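A short worksheet on the structure shown next.
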Amino acid sequence: MFHKKMETDDLYLGYYLHLIQDLLYRRFVYGKYHWDPKPEGNLERLYDDYRQINARLIDKYEMRNNISVPVNFEAERLNEAAIFDTAKFMKELSKDFEPVEYKERFFFTNCMVDEYIQWAVEYCKKELQSFRDGQYYFDEYEWSWGK
């Protein structure tokens, strides 16, 4: 649907790679580490882990909160694929850059975070190379459902 736009527009390519990273994340967390979201409170505890992880990654990679919503974003065809609440996104992103009080993590260790990033980068590079060759590396059904 957006193949041509992905070739020339970082917004579209970035959104596509975000979807790839979501596939990888599900495989990593549910497949490799067998995380179970069902017990009461597990989801909230995982979100607490994310806050700790974000703080660590912001520091480690010297990230800055310099992201802005593209001008006329609401007119982008990308809005046909999903509903984007950009105001909420920007507010939540801003919170990621606020200091957090350290807590012991429930699930995600630093080693797991680093492992996931390394793994995701490797596979995103493979997908980008395949994309440049006019193909796709990932079979979305295989990766989504673990067939």
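Table for the structure above
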read-out	value
Residue selected from region 96-115 under the condition open to solvent by 80 Å² or more (accessible area, probe 1.4 Å) and either in contact with a Lys or Arg (Cβ under 8 Å, 6 or more places away or on another chain) or part of a loop (DSSP other than H, G, I, E, B) (or both), by the criterion nearest to residue 16 (Cα to Cα)	98
Among residues of region 45-88, those that are part of a helix (DSSP H, G or I), within 22 Å of residue 11 (Cα to Cα) and basic (Lys, Arg), counted	2
Residues (touching a Gly at 6+ places or on another chain (Cβ under 7 Å) and polar (S, T, N, Q)) located in region 10-45	none
Those residues of region 25-76 which are loosely packed, with under 11 Cβ neighbours inside 10 Å and either of a type in the set (Lys, Arg) or on the phi > 0 side of the Ramachandran plot (or both), in sequence order	34, 38, 41, 62, 64, 72
Subset tally (residues that are under 27 Å from residue 6 (Cβ atoms) and part of a loop (DSSP other than H, G, I, E, B)) for region 18-44	0
Total residues in region 101-147, condition within 19 Å of residue 55 (Cβ to Cβ), among the aliphatic types (A, V, I, L, M) and touching a Phe, Trp or Tyr at 6+ places or on another chain (Cβ under 9 Å)	1
Residue list for region 127-147, filter: charged (D, E, K, R) and surrounded by 13 or more Cβ atoms within 10 Å (Cβ to Cβ)	127
Cβ pairs under 9 Å, 6+ apart, first in region 25-42 and over 17 Å from residue 124 (Cβ atoms), second of a type in the set (Asp, Glu)	30/36; 32/115; 42/36
Criterion violated by residue 17 - all others in (1) more than 15 Å from residue 116 (Cα to Cα); (2) open to solvent by less than 60 Å² (accessible area, probe 1.4 Å); (3) hydrophobic (A, V, I, L, M, F, W, C); (4) touching a residue at least 60 places away in the same chain (Cβ under 8 Å) satisfied	(1)
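The values are calculated or read from the model by the stated rules, or taken from the named source; none is laboratory data. This is a predicted model, so every value here is computed, not measured. When we count neighbours, we look across all protein chains shown, and the Cβ atoms used for this are built from the backbone with ideal geometry, even at glycine. Just so you know, the surface numbers come from the protein's heavy atoms only, side chains and all, with ligands and any DNA or RNA stripped out. Shrake-Rupley method; radii C 1.70, N 1.55, O 1.52, S 1.80 Å.
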